[in-house]
Structure formats: structure tokens, C-alpha cells
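Student: This structure is in C-alpha cells; I'll ask about it shortly.
The values are calculated or read from the model by the stated rules, or taken from the named source; none is laboratory data. Here the structure is a predicted model, which is why all the values come from computation and not from measurement. Please note: Cβ atoms are built from the backbone with ideal geometry, for glycine as well, and neighbour counts cover all protein chains shown. Accessible surface is based on the protein model in full, side chains and every heavy atom, while ligands, DNA and RNA are left aside. Shrake-Rupley method; radii C 1.70, N 1.55, O 1.52, S 1.80 Å.
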Amino acid sequence: VRHSQTGSAPDCPADYESLWSGYSLVFFEGNGYGLSQDLGSAGSCLEEFQLMPFMQCSSSDGCRHGVRTDKSFWLAVDAEVDFTVKPMTSIDEITNHISRCRVCVGTKYVLTRHSFKDTAPECPNNFHPLWTGYSYLMVTSSGTSGGGQDLASSGSCLENFYLPTFIECLGRGTCAYYINNLDYWLAQNPDMTQPGMWGMGNVYSGLDEILDQGVARCTVCARNTLDL
């Protein structure tokens, strides 16, 4: 799966076939419990966008759709964010903030490599790069809710670094960026003389400093076709 972090669905890498395109889902939260989606799996690319794609069912033969406490979280596009504005209610306005994705199929084994540096790593022998990006680890919301990425998955290597990275939608029918939603990324390993003090206490201010000194880079690699 490839996520564009824009309003347009991305292309598949060379030698991969498109199965469908959709909207980039990060995780769900229901009754205070979260379920994350691996951004490298087909389940993270829903063909239709709904603010609340799931319903809550009980043992009394009843189900409720759009419970106020239910939430969905989606990868966002690069947008100007004002945390003081009211949540969005127009579906047309909301979808302009949702990243698009594409599910691709191929015959090659895919893995992700992380450099812990400000440069993308090379692929292992007999592999070639599909794309490079930034090492995405996990997200958290209010309380204990959140979810993470398998660092071997292509979902842990986002091609763009945007803050905030995701947008939150609520069962009452609104979506917004909230200041208590946090992103976690793999960090660069600076040259330090004390083992065990890897970057502790470092604060990176501004996008340029974060990119130059903070966030680690990654490469999604595919195994070369073997000559028979």
C-alpha cells in the first residue's frame, strides 16, 4: 500500500498492479479502546470515506452507528492547521484533508530499512528501492488510545513529513486537528560520547531543524527478480 498524503491517489511502483484506491485510515477508537491499522496493509486503504466506518453492537440484538465516543483517525494532507477553529462538519471540506492511498500487488518481497540518520539507507544486496521517506512509529490520542506501525512494513516509511500527520473524526459527525494528538517518529542517532544518552532532552524547533537533526529516514525495498 502506498499513501500520498495529498488529495490525489498515488501511482503504484514500477512492476506493481493497482487493485484499488481509497482513503488512508490510521486507527479506530471505540469505548476507549484503539485498533491500529498497519499502513502497509490493504486494510489501511478504505475505498470509501466515512467519518465513522463502524458501528457498536451489544448482546441485546441492537447496534448503534455513530456513538458520540467513537472515533476514527486518518492520515492528513499538508494543510494549514489552526487548533482554535471549530471542528469541520462539511463532508466536502473534511475529505480535502484526508490522504489518498492505493493498494498495489506484485510478486516481489518488500521490506523497510531505517537509517537513524538524516539520509535514506541503501537497500540490502539483491533489493532495489521503491521509495524513500521518514520513519513513522506510532500515534496516540487522548487517554491511553493509540497504535503503531510494524517497522518492517512499508507503512512505517511515509514519503512526506507533515505535522500534524493525522486528523481525528468523532461519532457526532465532526473532524478536526487536536493538540493532544501526538505523532512518534524514529529519531536520528547523534554523535554522543555517553552510551544510553541517545538524544535525551533534545528539542527540535521548526520544520528545518526537525528534518535536519531529528527525524530518521527510511527506504522501502523490493527484492530483485531472480534470474533462472
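Student: Which residue is nearest to the chain's Cα centre (by Cα), if the candidates are limited to the stretch 40-56 and must be assigned to a loop (DSSP other than H, G, I, E, B) and either hydroxyl-bearing (Ser, Thr, Tyr) or over 17 Å from HIS97 (Cβ atoms) (or both)?
Tutor: GLY40
Student: Also: Scan the stretch 65-89 for residues that are in contact with a Cys (Cβ under 8 Å, 6 or more places away or on another chain) and among the basic types (Lys, Arg) and jot them down.
Tutor: LYS71
Student: Give the residues of the stretch 101-121 that are in contact with a His (Cβ under 8 Å, 6 or more places away or on another chain) and in a loop (DSSP other than H, G, I, E, B), sorted by residue number.
Tutor: Hit for the stretch 101-121 is PRO121, nothing else.
Student: Condition first: open to solvent by less than 40 Å² (accessible area, probe 1.4 Å) and either in a loop (DSSP other than H, G, I, E, B) or touching a helix residue (DSSP H, G or I) at 6+ places or on another chain (Cβ under 7 Å) (or both). Now tell me which residues in the stretch 17-31 satisfy that.
Tutor: Matches in the stretch 17-31: SER24, LEU25.
Student: Quick one: what pairs do we get from the stretch 59-72, first residue touching a residue at least 12 places away in the same chain (Cβ under 8 Å), second of a type in the set (S, T, N, Q) and open to solvent by 70 Å² or more (accessible area, probe 1.4 Å), C-beta under 7 Å, 6+ apart or different chains?
Tutor: THR69/ASN31
Student: Filter the stretch 167-181 for residues that are more than 13 Å from VAL26 (Cα to Cα) and either assigned to a strand (DSSP E or B) or of a type in the set (A, V, I, L, M) (or both) and give the result. Break it down stepwise before answering.
Tutor: Narrowing the stretch 167-181 to residues more than 13 Å from VAL26 (Cα to Cα): 170-180.
Within the stretch 167-181, LEU170, THR174, CYS175, ALA176, ILE179 qualify.
Student: Quickly run through the stretch 132-161 and pick out the residues that are open to solvent by 50 Å² or more (accessible area, probe 1.4 Å) and at pLDDT 90 or above.
Tutor: Selection gives THR132, LEU137, MET138, ASP150, LEU151, ALA152, GLU159.
Student: While we're looking at this one, here's another question. Of the residues ALA42, ALA76, which is open to solvent by 40 Å² or more (accessible area, probe 1.4 Å) and either among the aliphatic types (A, V, I, L, M) or on the phi > 0 side of the Ramachandran plot (or both)?
Tutor: ALA42
Student: Out of PRO129, PRO124, PRO164, I need the residue that is outside any loop (DSSP other than H, G, I, E, B), at negative phi, of a type outside the set (Phe, Trp, Tyr) and surrounded by fewer than 18 Cβ atoms within 10 Å (Cβ to Cβ). Which one? First the steps, then the outcome.
Tutor: On the way: PRO124 fails: outside any loop (DSSP other than H, G, I, E, B); PRO164 fails: outside any loop (DSSP other than H, G, I, E, B).
After ruling out the rest, the residue left standing is PRO129.
Student: Working only within the stretch 88-100, note down all residues that are more than 21 Å from the chain's Cα centre (by Cα) and assigned to a loop (DSSP other than H, G, I, E, B).
Tutor: THR89, SER90
Student: So for the stretch 92-106 (the condition being at negative phi, of a type in the set (A, V, I, L, M) and free of Cβ contacts under 8 Å to residues at least 24 places away in the same chain), does at least one residue qualify? Step through it out loud before you land on a result.
Tutor: Kept after step one, since they are at negative phi, are these residues of the stretch 92-106: 92-106.
With the extra rule that they be of a type in the set (A, V, I, L, M), the set shrinks to 94, 98, 103, 105.
Those still in the list that are free of Cβ contacts under 8 Å to residues at least 24 places away in the same chain too: none.
Within the stretch 92-106, not a single residue is at negative phi, of a type in the set (A, V, I, L, M) and free of Cβ contacts under 8 Å to residues at least 24 places away in the same chain.
Student: Another question about this same structure. Just one of THR112, THR69, THR107 is of a type outside the set (Gly, Ala, Ser) and modelled with pLDDT of 90 or more; which is it?
Tutor: On the way: THR69 fails: modelled with pLDDT of 90 or more; THR107 fails: modelled with pLDDT of 90 or more.
Being of a type outside the set (Gly, Ala, Ser) and modelled with pLDDT of 90 or more holds for just one of THR112, THR69, THR107, which is THR112.
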